[in-house]
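In what follows, a single structure is set out as structure tokens and then discussed.
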Amino acid sequence: MFDIKWIRANAEAFDRGVARRKGVSVRAADLLAIDDRRRDIITRLNDAQEQRNALSKQIGQAKAQKDDARAAELMAEVARLKQAIPQGEAEERAVELELRNALSVIPNLVFDDVPDGVDESGNVEYFGVNGTPQSAAQTRDPKPDLTFAPKEHYELGEAMGGMDFEAAAKLSGSRFVVLKGQLARLERALGQFMLDLHTTEHGYLEVQPPILVRDEALFGTNQLPKFEEDLFFTPHGDSRLALIPTAEVPLTNLVRESILDERELPLRFTALTPCFRSEAGSAGRDTRGMLRQHQFNKVELVSITTPESSIDEHERMLGCAEAVLQRLGLHYRVMNLCTGDIGFGARKTYDLEVWLPGQNTYREISSVSVCGDFQARRMDARYRPAGEKQAPRFVHTLNGSGTAVGRCLIAVMENYQQEDGSIAVPEALKPYMGGLTTLGAR
């Protein structure tokens with residue numbers, strides 16, 4: 001969310017930035033017109049309050065001089081001002097809400113190195129690894145050399161009796177799945193492997209957060225008000241709670257309404273949680289299999305940093321997500337998302353796209369984003385610079401998937417499938433599989 005003072009001081013830069021964003025028509029002049037009305041109301045309120053205070057003193061003087069007519073006249077004017085001031089305050093609150101609502105639906109401004117584009121076709125492959133400019137293609141595992149026609153994950157899963165969409169439809173409807181037996185264990189193994197990697201080698205603190213959150217938390221990480229239709233809500237007393245669409249929401253909001261010490265930063269959190277999305281805008285897309293589900297498991301990574309270190313932290317987080325795919329021996333590519341595909345709150349996003357032989361294409365398995373102070377302003381999350389006597393500054397927030405467990409399951413199934421329909425277990429997962437080295441076809 002933007003500071004209207006910054007927009008006033010940088011109107012041209014703001015207009016250039018939002019002009020790069022898909023479907024955004026607001027301009028600085030529109031917002032400043034609302035703010036001008038707000039400032040005018042505040043000026044009138046201050047003048048009225050000063051006038052009321054001055055008249056109150058004159059009432060005392062008139063009474064002291066036994067000038068009852070003058071005192072009555074002044075009291076009538078004070079009464080009028082007392083009635084007008086609450087009306088002005090209500091008007092001020094209404095305009096402040098109008099301005100807040102207008103600001104809350106404006107997406108973040110992207111970095112200069114984000115490519116322009118209207119949709120995912122404008123994304124550009126990125127070859128940096130952990131900030132290293134050399135080509136990363138040589139460090140990535142190649143595509144699997146399958147000597148037979150590969151199957152898609154749902155064909156493999158249904159054949160071995162471990163992936164049941166029919167039972168899920170009876171329980172919950174479309175876009176759900178029931179995993180059974182060895183596939184259920186493989187998915188659990190993937191989540192545990194990712195958590196162990198990020199906590200023991202990458203320095204993230206494991207968290208088990210609530211998966212029901214308040215509107216304020218969703219506003220803080222910019223799911224509300226813009227993306228309300230993508231959420232599942234449940235009544236809670238006189239209000240409501242929402243099932244989290246991603247653990248980014250509770251993890252990032254751990255620092256809401258707080259002032260941290262700079263020496264605490266960076267904070268790095270990770271969590272394995274179920275995630276819930278209505279997929280409101282995906283009718284007809286990925287209806288087969290479990291690529292796009294209403295409920296799925298994901299390992300989330302969140303970092304809270306200073307402004308000076310957030311870009312380096314973004315590259316670091318990308319490397320942490322890449323390590324998951326590299327340890328599993330999965331071929332992937334990294335895409336720098338364009339202006340037409342990047343998320344609402346991000347200034348820059350890398351997508352990791354894993355190769356799926358069954359589909360003969362790449363599919364997103366992780367997004368890693370740097371948000372600057374965009375979310376911090378919505379959450380009022382700040383830090384106090386070490387050794388300096390100055391006002392607290394807003395932190396910078398970053399989030400990424402490390403990775404989506406269900407999609408990683410799909411990738412393992414399709415990349416490690418064998419001609420007889422069985423699935424070999426990747427070396428990195430064998431310690432979690434109780435001695436299983438192959439998941440057999442039924």
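The values are calculated or read from the model by the stated rules, or taken from the named source; none is laboratory data. Here the structure is a predicted model, which is why all the values come from computation and not from measurement. Cβ atoms come from the backbone with ideal geometry, glycine included; neighbour counts cover every protein chain shown.
So that you can scan it fast, the table gives a plain yes or no per residue for (1) aliphatic (A, V, I, L, M); (2) at pLDDT 95 or above; (3) surrounded by 11 or more Cβ atoms within 10 Å (Cβ to Cβ):
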site	(1), (2), (3)
GLN61	no, no, yes
VAL129	yes, no, yes
THR132	no, no, yes
THR139	no, no, yes
TYR154	no, yes, yes
Exercise. Give me the pairs: first residue in segment 214-239 and hydrophobic (A, V, I, L, M, F, W, C), second residue part of a loop (DSSP other than H, G, I, E, B) and at pLDDT below 95, beta-carbon distance under 7 Å, and six or more apart or on different chains, which are they?
Worked result: LEU231/SER278; PHE232/SER278
Exercise. Has segment 326-345 got any residue that is assigned to a loop (DSSP other than H, G, I, E, B), in contact with a Cys (Cβ under 7 Å, 6 or more places away or on another chain) and surrounded by 22 or more Cβ atoms within 10 Å (Cβ to Cβ)?
Worked result: yes
Problem set entry | Residue within segment 353-374 that is modelled with pLDDT of 95 or more and in a helix (DSSP H, G or I) present | yes
Problem set entry | Options LEU224, LEU241; residue that is at pLDDT 95 or above and under 25 Å from ARG382 (Cα atoms) | LEU224
For this session: Test ALA167 against the criterion of being in contact with a strand residue (DSSP E or B) (Cβ under 6 Å, 6 or more places away or on another chain), at pLDDT 95 or above and of a type in the set (A, V, I, L, M, F, W, C), and give yes or no.
Result: yes
For this session: Could you identify the single residue in ALA90, ALA84 that is exposed (fewer than 12 other Cβ atoms within 10 Å of the Cβ) and either more than 16 Å from VAL18 (Cα to Cα) or at pLDDT below 95 (or both)?
Result: ALA90
Problem set entry | Counted residues, segment 336-392 - those being closer than 25 Å to GLY117 by Cα and under 13 Å from the mean Cα position of the chain (by Cα) | 18
For this session: Pull up segment 7-21, narrow it to residues that are touching a residue at least 24 places away in the same chain (Cβ under 8 Å) and outside any helix (DSSP H, G or I), then point me to the one that is nearest to ASN108 (Cα to Cα).
Result: ARG21
For this session: Collect the residues in segment 213-225 that are in contact with a Pro (Cβ under 8 Å, 6 or more places away or on another chain) and not β-branched (Val, Ile, Thr), keeping them in residue-number order.
Result: ALA217, PHE219, GLN223
For this session: Confirm whether ARG285 is charged (D, E, K, R) and touching a strand residue (DSSP E or B) at 6+ places or on another chain (Cβ under 6 Å).
Result: no
Problem set entry | Qualifying position, being touching a Gly at 6+ places or on another chain (Cβ under 7 Å) and in the same structural domain as THR361 (by TED's automatic domain parsing), among TYR154, TYR204 | TYR154
Problem set entry | ARG316 being within 30 Å of LYS151 (Cβ to Cβ), assigned by TED's automatic domain parsing to the domain that holds SER172 and in contact (Cβ under 8 Å) with a residue 40 or more places away in the chain | no
Exercise. Somewhere in segment 5-21, is a residue exposed (fewer than 13 other Cβ atoms within 10 Å of the Cβ) and at pLDDT below 90?
Worked result: no
For this session: State which residue is farthest from LEU99 (Cα to Cα) when the search covers only segment 24-43 and only residues that are within 27 Å of the chain's Cα centre (by Cα) and crowded, with 17+ Cβ neighbours inside 10 Å.
Result: ALA28
Problem set entry | Identity of the residue in segment 22-54, assigned to a helix (DSSP H, G or I) and in contact with a Gly (Cβ under 7 Å, 6 or more places away or on another chain), that ends up modelled with the lowest pLDDT | ALA48
Exercise. Can you tell me which residues in segment 154-198 are under 18 Å from VAL324 (Cβ atoms) and touching a residue at least 60 places away in the same chain (Cβ under 8 Å)?
Worked result: LEU186, GLU187, ARG188, ALA189, LEU190, GLY191, GLN192, PHE193, MET194, LEU195, LEU197, HIS198
For this session: Would you kindly identify the strands (runs of 3 or more DSSP E) lying entirely within segment 211-322 that contain at least 1 residues that are aromatic (Phe, Trp, Tyr)?
Result: 232-236, 267-276, 295-305
Exercise. Are any residues in segment 393-442 among the β-branched types (Val, Ile, Thr) and under 27 Å from the mean Cα position of the chain (by Cα), and if so, which ones?
Worked result: VAL395, THR397, THR403, VAL405, ILE410, VAL412
Exercise. Among GLU262, GLU308, which is the only one that is of a type in the set (D, E, K, R), free of Cβ contacts under 8 Å to residues at least 12 places away in the same chain and over 23 Å from LYS226 (Cβ atoms)?
Worked result: GLU308
